[in-house]
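This report concerns only the one structure given below.
The values are calculated or read from the model by the stated rules, or taken from the named source; none is laboratory data. In this text the structure is predicted, and so the values were computed from the model without any measurement. Neighbour counts run over all protein chains shown; Cβ positions are idealised from the backbone, glycine included. Side chains included, ligands, DNA and RNA excluded: accessible areas come from the protein's heavy atoms. Shrake-Rupley method; radii C 1.70, N 1.55, O 1.52, S 1.80 Å.
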Amino acid sequence: MRLGVLDVGSNTVHLLVVDAHRGAHPMPARSEKSVLRLAERITADGKLAAEGADDLVFTVAEAKRSAAKLGCEDLLAFATSAVRDAHNAPEVLTRVLDETGVDLRVLTGTEEARLTFLAARRWYGWSAGKLLVLDIGGGSLELAMGVDEEPDFARSVPLGAGRLTRERFSSDPPSREELAQTVDWLADELAPIAKKVAKQGEPDRVVATSKTFRSLARLGGAAPSSAGPRVRRVLTEPGLRQLIAFISRMSAADLAELEGVSASRAHQLVAGALVARATMRALSRPEVEICPWALREGLILRRLDQADGEDS
């Protein structure tokens, strides 16, 4: 069957079309992205601005049309922290449904962590043993750990790369003082969650997903995307430390010129790197392996698991 997955994130609205059936590897057929930066369009009173809501409705409608033209049998539409945090989310979601016919589901942070874990588990298989999965989004950081397809531990904390950029940096690039203060603040914020992770025991494999981790790994020397998803890619804490010293002196415009860094996310790369390093240090993990599957693939896999026989 052909499925469309519409991911309404903090920075982009991403339509991924895949051909898939139960027991098979989902094969990407088309990918379309629109940069809306919804998280930056939240007003002082915590609401998604009218213009942002207008753009969201228009983009969802366009994505629905694209999915139909591409022959999608189903469209799985979901939103993460940007919409989740908006005080007027119910009104916005109702408008999206009324004007586009798309039922945009808002995932909780814990759901994000669990679905991302499912994707990583399927990618690495049972031989990976106990998995610890990390994911840095625009608004939140997700952590999940376990030996099965459902993690024994799943948490989401508001330490996303975009959120930290908006809340802790006042200049581009950030000042030395802001960087130092953010490093100390992150250590304090992550200490309690690190203790909870430690109670789960030692993982057999530590993996990281998301565009932030992939970009950082690429800047650290990992193979480019053109090498294919099955090439092993890692990000080390020492390498990340050196990378931060380099990128933290660059403006967002200059960062966008680097290979592996998208223009839509360049402005939050430094904050993402700080979160990545702080998380690895808090968990005492000198290295993470980059998993090519993440939340979208987790949703696809869950949908296929729940499909009736005629959907196969």
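What percentage of all Cα-Cα pairs in segment 178-267 are separated by more than 20 Å? Mind showing how you got there, number by number?
Details: 1976 of 4005 pairs.
Distances greater than 20 Å cover 49 percent of the Cα pairs.
Hey, which of these cross-link pairs are over 25 Å Cα-Cα: Lys130/Lys195; Lys130/Lys199; Lys47/Lys69; Lys33/Lys69? Don't skip to the end; give the middle numbers.
Numbers: Lys130/Lys195 17 Å; Lys130/Lys199 13 Å; Lys47/Lys69 33 Å; Lys33/Lys69 16 Å.
Beyond 25 Å between Cα atoms: Lys47/Lys69.
Not counting ligands, DNA or RNA, and with a 1.4 Å probe, what is Phe169's accessible surface area in Å² rounded to the nearest 10?
It works out to around 30 Å².
For every other residue with a beta carbon closer than 10 angstrom to the beta carbon of Ala144, add +1 if it is Lys or Arg and -1 if Asp or Glu, then tell me the sum.
Here the charged neighbours net out to -2.
So for the chain, taking the charge dipole from beta-carbon charges (+1 Lys/Arg, -1 Asp/Glu), which of Trp126, Ser264, Ser66 sits furthest toward the positive end?
It is Trp126.
Roughly what % of DSSP beta bridges within segment 132-255 run antiparallel, to the nearest 5?
On the way: 10 of 14 bridges.
Restricted to segment 132-255, the bridges split so that about 70 percent are antiparallel.
Please arrange Trp126, Trp293 by accessible surface area, largest first, computed with a 1.4 Å probe and ligands excluded. Working shown, then result.
Working: Trp126 160, Trp293 30 Å².
I get Trp126, Trp293, largest accessible area first.
Taking a ≥ b ≥ c as the square roots of the eigenvalues of the Cα gyration tensor of segment 92-236, is the shape rounded (a/c under 1.5), prolate (a/b larger than b/c) or oblate?
Details: a/c = 1.32, a/b = 1.04, b/c = 1.26.
Because its axes are fairly even, with a/c under 1.5, segment 92-236 counts as rounded.
Farthest toward the dipole's positive end in segment 28-111, which of Pro28, Thr100, Ala86, given Cβ charges of +1 (Lys, Arg) and -1 (Asp, Glu) about the Cα centre?
My answer, from the dipole projection, is Pro28.
Could you list which residues have their amide H under 5 Å from that of Gly9, counting only those 5 or more apart in sequence or on another chain, with H placed in the peptide plane?
His14
Let me have the 222 nm mean residue ellipticity of the chain computed from DSSP H runs of 4+ only, each contributing -39500 (n - 2.57), with the sum over all residues rounded to the nearest 500.
Numbers: 11 runs with 134 residues, N = 312.
Counting only the DSSP helices, I get -13500 deg cm²/dmol.
How large is ³J(HN,Hα) for each residue in segment 239-248, as worked out from phi by the Karplus curve 6.51 cos²θ - 1.76 cosθ + 1.60 (θ = phi - 60°), to whole Hz, x for Gly and Pro?
x, 5, 4, 5, 5, 4, 4, 7, 6, 5
With just the Cα atoms defining each centre, how far is segment 232-307 from segment 28-53? Give it in Å.
When both Cα centres are located, 21 Å separates them.
5 Å is the cut-off here: which amide hydrogens, built 1.01 Å from N in the peptide plane, fall below it relative to Ala77, excluding neighbours closer than 5 in sequence?
Leu6, Arg105
Have a look at the DSSP beta bridges in the chain and tell me what percent are antiparallel, nearest 5. Each step should come with its number before you reach the end.
On the way: 30 of 45 bridges.
Approximately 65 percent, going by the DSSP bridge assignments.
Mind jotting down the three principal axis lengths of segment 1-152 based on Cα atoms? Whole angstrom, largest first.
Computed over the Cα atoms, the extents are 49, 37, 21 Å.
When Rg and Dmax of the Cα atoms in Å is calculated directly from the model, which label among [x] 18.9, 59; [y] 17.4, 50; [z] 23.6, 81 fits?
[x]
Once phi is turned into θ = phi - 60°, what whole-Hz ³J(HN,Hα) does the Karplus curve with 6.51, -1.76 and 1.60 give for every residue of segment 51-66, x standing for Gly and Pro?
Computed from phi, the couplings for segment 51-66 are 5, x, 5, 4, 5, 5, 4, 4, 5, 5, 4, 5, 5, 4, 5, 5 Hz.
Given a 1.4 Å probe, how much area per residue of segment 208-312 is accessible, in Å²? Show your work: numbers first, answer last.
Numbers: 4570 Å² over 105 residues.
For segment 208-312, the per-residue accessible area is 44 Å².
From the phi of every residue in segment 280-290, what ³J(HN,Hα) in whole Hz does the Karplus formula 6.51 cos²θ - 1.76 cosθ + 1.60 yield, where θ is phi - 60° and glycine or proline is x?
So the Karplus estimates, Gly and Pro as x, are 4, 5, 4, 8, 6, 10, x, 8, 10, 9, 7 Hz.
Treating only the Cβ of Lys, Arg, Asp and Glu as charged (+1, +1, -1, -1), what charge dipole size does the chain show about its Cα centre? Round to the nearest 20 debye. Intermediate results must be reported in sequence, preceding the final value.
On the way: 41 positive and 44 negative charges, 175 e Å.
My answer is approximately 840 debye.
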